[in-house]
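The values are calculated or read from the model by the stated rules, or taken from the named source; none is laboratory data. Computed from a predicted structure; not experimentally measured. Heads up, the Cβs are rebuilt from the backbone with ideal geometry, glycines too, and the neighbour counts pull from every protein chain shown. When the accessible area is computed, the model is the full protein with side chains, heavy atoms only, and any ligands, DNA or RNA have been set aside. Shrake-Rupley method; radii C 1.70, N 1.55, O 1.52, S 1.80 Å.
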Amino acid sequence: AEDVNWDELAAIGILKDELEMAGELDTLLSGEKTNVVSLSLVLLGVDVVMDATLQLVRKGESPLLEIQGVTPLGK
């Protein structure tokens, strides 16, 4: 948990407290893919609302958060 840059993630809209309340923080920190979570992100000044799974992967010395959007059923 201490290797994750929570300030950087909070800046785009991913909050540690919200992941913990959703019961997904332990899953994320163990390196597993989370269940589908609803995200409201601000990326390069663009608001992005999406459902996605999250997973921490190692890239060199620091963890990288992978966000994988999911397609709604019937689409």
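Can you tell me, using C-alpha contacts under 8 Å and at least 6 residues apart, the relative contact order of region 25-70 as a whole percent? Computed over region 25-70, the figure is 32 percent.
Could you check the simple spin-label distance between Glu32 and Arg58, using points 7 Å along Cα→Cβ, in nm with one decimal? Output for this residue pair reads 1.9 nm. Would you compute the Debye intensity of the chain from its alpha-carbon atoms alone, equal scatterers and no solvent, and pass along log10 I(q)/I(0) at q = 0.13, 0.16, 0.25 Å⁻¹ to two decimals? So the normalised log intensities work out to -0.38, -0.57, -1.33.
What is the calculated FRET efficiency for Glu20 to Leu65, with r their C-beta to C-beta distance and R₀ = 22 Å, to the nearest 0.05? The value I calculate is 0.90. A simple spin-label model places pseudo-atoms 7 Å from Cα toward Cβ; at Ile12 and Leu43 they are separated by 0.7 nm.
For region 12-54, a Kirkwood radius taken over Cα pairs fed into Stokes-Einstein (10 °C, viscosity 1.306 mPa s) yields D = 147 µm²/s.
A probe of 1.4 angstrom, applied to the heavy atoms of all protein chains, finds Val42 with accessible area near 70 square angstrom.
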